[in-house]
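**Q** Take a look at the following structure, please.
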Amino acid sequence: MNAIKTNIRWKVMFTVFLIASVSYLDRTNLSVAAPVLRQELHLSPTQLGLILSAFSWSYALAQIPAGFVAAWLRPRRTYLIAMWLWCILLALTTTATSFGAWIFFRIPFGLAEAVTWPAASVLMSRWFPRIEYSQAMSLQNLGLVVGAALAPPLVAFIIAFWGWKAAFIMTGLIAGILGTLFYLYTKDDPADDPRVSKEELAWIRHDQVAADNSPLPDGFIRMLLGRPSLWAVAMANFGLDFINFMFLTWYPTYLTDKYHMSLGRMGVMAMEPYIFGVITVLGAGRLVRALTDGGMDSFVARRMVIFCGLIIGTAFLVVTVNVSNLYASVTAMSLGYAFVMSILGPMWSTPAEIAGPKGVGFAGGFVNFIGNVGGIGSPILMGVVFQHFHSFTPAILISAGITLACGLLFILLYRAKADKEYVAAFLAS
């Protein structure tokens, strides 16, 4: 039975992990190139912050419609079309020579990447039993950390030898090729994949809610928006994305400006948060499964892991600005990032659990939309604060306050088991 439980579906999710990694490699290449671009284009910190956040403007606004697009096109076509769009837009971005041009190209790039997470939620709801949601989403979301970890050394290396334009083109091509391979070798539903045995399909289906392709009943979206747990997860994602985008956009510049690091040394040091993040993201998914196997209710296990991740991450961010040693400060900041990011798997398994297959596209898009509102504000805040105070310390403290507030709101609003039953009762009626 153990062999059955670790077969084709995990190969599919590993491919989604690769897609997530490439998506973050593609969106992070700008932050690594930012110190070079700031000098080349003579950008102020505020202008650079606006460019770094422009991706998130359209990415956030597109999340809810992206959920419907992913459900309509289905994951294979969604990824194929979107990833070639990433490739084309990154290549076009190399022609940008002004502040306005960079804004112009980053906005459609955010639209093209918006389908990534909703498509993954749709795929997971079809390929996995509910008991494995946290582990599956931990693996998929690990791509976020791995892609962001690979970007600093890889992009810095390419920039050093061939320039930032080559970095954009090469990372874009990786996306297009991977999207094509996913389309050719993956199915949208395990029942359509001849590699899936009857035993594995039975395991996948054993605690799933049956798919329902009928039109959404009247009031369904309004009912979902009234579920406190959906807002709880959305607020957790707001705190996560605020921290995530702070690192994705400004962290390389923070290292080069505050500690006067060379491009090569920055590329190595900038990996530390993501190395820790790999450990915490994988560990959180395994912890939820271990607690569940030990008899704890899965909803309670997720609540505990998500809340603790936000609170511990907040504590390390506060420590960051209160130590003077370079390595201690960078390590504390890296651990702050890692513990906040640890909530990825448990958090992203919750929308599918609450909304079921019928509402997972909308629920995933909504949670990602709220999160990316934080992603919009974070780069702008960092730029404005740095330009005004010539220090990143106030922005780091504000970020810690936001993750603390999000953790408290999460624990107050989270009641996923009751909300899941409410949604089921609504559909049954």
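**Q** Would you mind classifying the range 114-257 by shape? Square roots of the alpha carbon gyration tensor eigenvalues, ordered a ≥ b ≥ c; an a/c under 1.5 is rounded, otherwise it is prolate if a/b is larger than b/c and oblate if not.
**A** Note, shape of the range 114-257 comes out oblate.
**Q** Based on the mean of other beta carbon atoms within 10 Å per residue, what is the order of 307-318, 56-67, most packed first? Can you show the working numbers first?
**A** On the way: 307-318: 21.4, 56-67: 22.9.
Going from most to least packed, we get 56-67, 307-318.
**Q** Just the ratio, please: alpha-carbon radius of gyration of the range 297-366 over 2.2 N^0.38 Å, N its number of residues. Could the numbers behind the result be given before it?
**A** Values: Rg = 15.8 Å, N = 70, 2.2 N^0.38 = 11.1 Å.
Dividing the Cα radius of gyration by 2.2 N^0.38 Å gives 1.43.
**Q** Could you tell me whether the range 375-429 comes out rounded, prolate or oblate from its Cα gyration tensor? Rule is a ≥ b ≥ c as square roots of the eigenvalues, rounded for a/c under 1.5, then prolate if a/b exceeds b/c, otherwise oblate.
**A** Cα axes put the range 375-429 in the prolate bin.
**Q** Throw me the Rg/Rh for the range 2-131, computed over C-alpha atoms with Kirkwood Rh, two decimals.
**A** Answer for the range 2-131: 1.07.
**Q** Separate question: Determine the calculated [θ] at 222 nm for the chain from helices alone, applying -39500 (n - 2.57) to every DSSP H run no shorter than 4 residues and normalising by the residue count; nearest 500 deg cm²/dmol. The partial results should precede the final answer.
**A** On the way: 17 runs with 354 residues, N = 429.
Helix contribution divided over all residues of the chain: -28500 deg cm²/dmol.
**Q** List, in order, the whole-Hz ³J(HN,Hα) value for each residue of the range 224-240 obtained from phi through the Karplus relation with A = 6.51, B = -1.76, C = 1.60 and θ = phi - 60°; use x for Gly and Pro.
**A** Going residue by residue, I get 4, 5, x, 7, x, 5, 5, 6, 4, 5, 4, 5, 4, 5, 4, x, 4 Hz, with x marking Gly and Pro.
**Q** If we count other beta carbons within 10 Å of each Cβ, what is the order of 184, 225, 30, 335, fewest first?
**A** Taking fewest neighbouring Cβ atoms as first place, the list is 184, 225, 335, 30.
**Q** Using alpha carbon centroids, what distance separates the range 163-211 and the range 305-361, in Å?
**A** Here the answer is 27 Å between Cα centres.
**Q** Once label points are set 7 Å from the Cα along Cα→Cβ at both residue 7 and residue 162, what is their separation, rounded to one decimal in nm?
**A** So the two model labels end up 4.1 nm from each other.
**Q** A follow-up question, please. For a quick check, take a GNM of the chain with Cα springs below 10 Å and name the residue from 271, 261, 347 with the largest mean-square fluctuation.
**A** Checking each option, the largest mean-square fluctuation is seen for 261.
**Q** Apply the Karplus curve 6.51 cos²θ - 1.76 cosθ + 1.60, θ = phi - 60°, to the phi angles in the range 158-169 and return the couplings in whole Hz, x for Gly and Pro.
**A** With the stated coefficients, the range 158-169 comes to 5, 4, 4, 9, 10, x, 5, 5, 4, 5, 5, 5 Hz.
**Q** For the range 119-185, what log10 I(q)/I(0) values come out of the Debye formula at q = 0.15 1/Å, with one point per alpha carbon and no solvent?
**A** Per q value, in the given order, log10 I(q)/I(0) is -0.66.
**Q** For 327, 183, 251, what's the fewest-to-most ordering of other Cβ within 10 Å of each Cβ?
**A** Ordered from fewest to most neighbouring Cβ atoms within 10 Å, 327, 183, 251 come out as 327, 183, 251.
**Q** I want to verify the translational diffusion coefficient of the range 47-90 in µm²/s; compute it with Stokes-Einstein, Rh as the Kirkwood radius over Cα pairs, at 4 °C and 1.567 mPa s. Numbers along the way, then the final one.
**A** On the way: Rh = 11.8 Å.
The estimated diffusion coefficient comes to 110 µm²/s.
**Q** Once the Cα atoms of helix 8-41 and of the chain are each reduced to a long axis, what angle between those two axes, in degrees from 0 to 90 to the nearest 10, is obtained?
**A** Result, in degrees: 20.
**Q** Right, next: For the range 259-386, just the Cα set please: Rg and Dmax, both in angstrom.
**A** Considering the range 259-386 through its Cα atoms, Rg and Dmax are 17.2, 52 Å.
**Q** Would you mind telling me which residue in 205, 302, 106 has the biggest mean-square fluctuation in a Gaussian network model of the chain, where springs connect alpha carbons within a distance under 10 angstrom?
**A** Answer for the Gaussian network model of the chain: 205.
**Q** Please list, in order along the range 319-327, the HN-Hα scalar couplings obtained from phi with the Karplus expression 6.51 cos²θ - 1.76 cosθ + 1.60 (θ = phi - 60°), rounded to whole Hz, x for Gly and Pro.
**A** Once rounded to whole Hz, the list reads 4, 3, 8, 10, 10, 9, 5, 4, 5.
**Q** Mind checking the log10 I(q)/I(0) for the chain at q = 0.13 Å⁻¹? Debye, one equal scatterer per Cα, no solvent, two decimals.
**A** These q points yield log10 I(q)/I(0) values of -1.10.
**Q** With bins 5 Å wide starting at 0, give me the P(r) of the range 269-323 over every alpha carbon pair, in whole percents.
**A** Final binned percentages: 4, 17, 21, 22, 16, 10, 7, 3, 0.
**Q** Can you tell me, using C-alpha contacts under 8 Å and at least 6 residues apart, the relative contact order of the chain as a whole percent?
**A** Numbers: 745 pairs, mean separation 120.4, N = 429.
Relative contact order comes out at 28 percent.
**Q** So, how do all the Cα-to-Cα distances of the range 314-429 break down into 10 Å bins, in percent, from 0 on up?
**A** 12, 34, 29, 16, 8, 2, 0
**Q** Another question about this same structure. 5 Å is the cut-off here: which amide hydrogens, built 1.01 Å from N in the peptide plane, fall below it relative to residue 270, excluding neighbours closer than 5 in sequence?
**A** Under 5 Å from the amide H of residue 270 lies no amide H from a residue far enough along the sequence or on another chain.
**Q** For 415, 289, which order do you get if you count the other beta carbons within 10 Å of each Cβ and list the fewest first?
**A** Working: 415 16, 289 19.
In order of increasing Cβ crowding within 10 Å: 415, 289.
**Q** Continuing with this model, one more query. Could you tell me how many degrees, from 0 to 90 and to the nearest 10, lie between the Cα long axis of helix 116-127 and the main elongation axis, the longest principal axis, of the Cα atoms of the chain?
**A** Taking the Cα atoms of the chain, the angle to 116-127 is about 30 degrees.
**Q** Compute the separation of the alpha-carbon centres of the range 19-67 and the range 252-272 and state it in Å as a whole number.
**A** What the calculation gives is 18 Å, centre to centre.
**Q** Relative contact order for the range 62-137: what percent, with Cα pairs under 8 Å and sequence separation of 6 or more?
**A** 44 percent
**Q** To make sure I understand the rule: partners must be lysines, Cα under 18 Å from the Cα of residue 417, and not fewer than 8 residues away in the same chain. Which ones qualify?
**A** Leaving aside lysines fewer than 8 places away in the same chain, those within reach of residue 417 are 358.
Each reported figure results from applying straightforward, stated rules to the coordinates on display, with no laboratory input. Here the structure is a predicted model, which means the values were calculated and not measured. Backbone-built Cβ (ideal geometry, glycine too); neighbour counts: all protein chains shown.
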